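K.L.:
The following block contains the structure, expressed as structure tokens.
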Amino acid sequence: MIRFDNLKGVVLDIEGTTCPLDFVVNSLFPYARQALPGFVAEHRQDPQLSALWEEVEQAITAETAKDAPQEIEDYLQWLIDQDRKFTPLKDLQGLIWQQGYNSGSLVAPLFDDVESALRTWHQQGLILAVYSSGSIAAQQLLYGNSIAGDLRGLFTSWFDTRLGSKVNSQSYIDLAKQLAIPAANLLFISDAPDELKAAKNAGLQVCGSQRPGNVQIINKDSYEIIKKFSELKLTNSLN
């Protein structure tokens, strides 16, 4: 059992931590990629998305890669192929996934120990938050349409890359400020060593997630590592 004490909150990554990486890579991304051209064609003139389309157009204008397409649809597909972290693309993917979840085409799998751990920590009075590279809308869709049902009510706050890069320590400092919780009283759990390093440098307690199917290998000499949340013993600062 790995113990973390004096906690007020737990900040969770999603991919490789609560949800199998395979679902994101082999289900969500291909679904969004296939549906993207039709979505752009249908919603290109949608006034509610005008700010988003403007942000994409600005990115195309500022793009330095010589082989980058100039049309919105082609550019977005190109970004996907480049595995580029681009927040408006994440927002678009979230909107497309919403259609998939609503139709029942998508249901989010979670590791089998996740629901019980989340409920236990919530009942302990710990604040639960999500910090993922996927948009906040996509995060809420995943937890709202999971195999365990709608778990959104267990979380207090949601953070995506609009907060800042997940490998930048300042992002975690800002996250702690927004939660109004001292960094030392937060536990961050992730499958990414660079994210763990950034959070640790910001003063958070950190724990590595080494789930089946994860690609990155976390150095056990640098971080505590779990394979299941059931290996954790968390105590809050009131105990």
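K.L.:
What number of residues in the stretch 48-87 are assigned to a helix (DSSP H, G or I), surrounded by fewer than 11 Cβ atoms within 10 Å (Cβ to Cβ) and within 22 Å of the chain's Cα centre (by Cα)?
P.N.:
Residues that pass the stated criteria total 1.
K.L.:
May I pose another question? Could you list, ordered by first residue, the pairs with Cβ atoms under 8 Å in which the first is in the stretch 177-191 and polar (S, T, N, Q) and the second is part of a helix (DSSP H, G or I) and buried (at least 19 other Cβ atoms within 10 Å of the Cβ), at least 6 apart or interchain?
P.N.:
That search, which allows pairs on different chains as well, returns SER190/LEU196; SER190/ALA199.
K.L.:
Got a number for residues in the stretch 118-128 being surrounded by 20 or more Cβ atoms within 10 Å (Cβ to Cβ) and under 25 Å from PRO212 (Cα atoms)? Let's see the steps before the verdict.
P.N.:
Step one: filter the stretch 118-128 for residues surrounded by 20 or more Cβ atoms within 10 Å (Cβ to Cβ), giving 118, 121, 126-127.
Restricting the remaining residues to those that are under 25 Å from PRO212 (Cα atoms) gives 118, 121.
Residues in the stretch 118-128 being surrounded by 20 or more Cβ atoms within 10 Å (Cβ to Cβ) and under 25 Å from PRO212 (Cα atoms): 2 in total.
Condition check ((1) basic (Lys, Arg); (2) under 17 Å from the mean Cα position of the chain (by Cα); (3) modelled with pLDDT of 95 or more) across all residues:
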{"residue": "SER105", "(1), (2), (3)": "no, no, no"}
{"residue": "THR120", "(1), (2), (3)": "no, no, yes"}
{"residue": "GLN123", "(1), (2), (3)": "no, no, yes"}
{"residue": "LEU128", "(1), (2), (3)": "no, yes, yes"}
{"residue": "SER135", "(1), (2), (3)": "no, yes, no"}
{"residue": "GLN139", "(1), (2), (3)": "no, yes, no"}
{"residue": "PHE155", "(1), (2), (3)": "no, yes, yes"}
{"residue": "ALA184", "(1), (2), (3)": "no, no, yes"}
{"residue": "LEU187", "(1), (2), (3)": "no, yes, yes"}
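Every residue, every condition in (1) touching a His at 6+ places or on another chain (Cβ under 9 Å); (2) over 18 Å from GLN99 (Cβ atoms); (3) of a type outside the set (S, T, N, Q), yes or no:
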{"position": "LEU49", "(1), (2), (3)": "yes, no, yes"}
{"position": "GLU57", "(1), (2), (3)": "no, yes, yes"}
{"position": "THR64", "(1), (2), (3)": "no, yes, no"}
{"position": "ALA68", "(1), (2), (3)": "no, yes, yes"}
{"position": "TYR75", "(1), (2), (3)": "no, yes, yes"}
{"position": "ILE80", "(1), (2), (3)": "no, no, yes"}
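K.L.:
Cβ-Cβ distance below 8 Å, separation of 6 or more or different chains: which pairs start in the stretch 116-132 with a residue that is in the same structural domain as GLY149 (by TED's automatic domain parsing) and more than 18 Å from ASP5 (Cα to Cα) and end on one that is at pLDDT below 95 and in a loop (DSSP other than H, G, I, E, B)?
P.N.:
Filtered contacts from the stretch 116-132: TYR131/ASP160; SER132/ASP160.
K.L.:
Only one of ILE14, ILE2 is surrounded by 19 or more Cβ atoms within 10 Å (Cβ to Cβ) and of a type in the set (Val, Ile, Thr); which?
P.N.:
Answer to the check: ILE14.
K.L.:
A further question follows. What tally of residues in the stretch 160-195 results from selecting those that are more than 19 Å from GLU224 (Cβ to Cβ), acidic (Asp, Glu) and surrounded by 18 or more Cβ atoms within 10 Å (Cβ to Cβ)?
P.N.:
1
K.L.:
Considering only residues that are free of Cβ contacts under 8 Å to residues at least 12 places away in the same chain and under 30 Å from ASN214 (Cα atoms), which ones fall in the stretch 25-56?
P.N.:
Matches in the stretch 25-56: VAL25, ASN26, PRO30, GLN34.
The values are calculated or read from the model by the stated rules, or taken from the named source; none is laboratory data. All values derive from a computational prediction rather than experimental measurement. We place every Cβ from the backbone using ideal geometry, glycine too, and count neighbours over all the protein chains shown.
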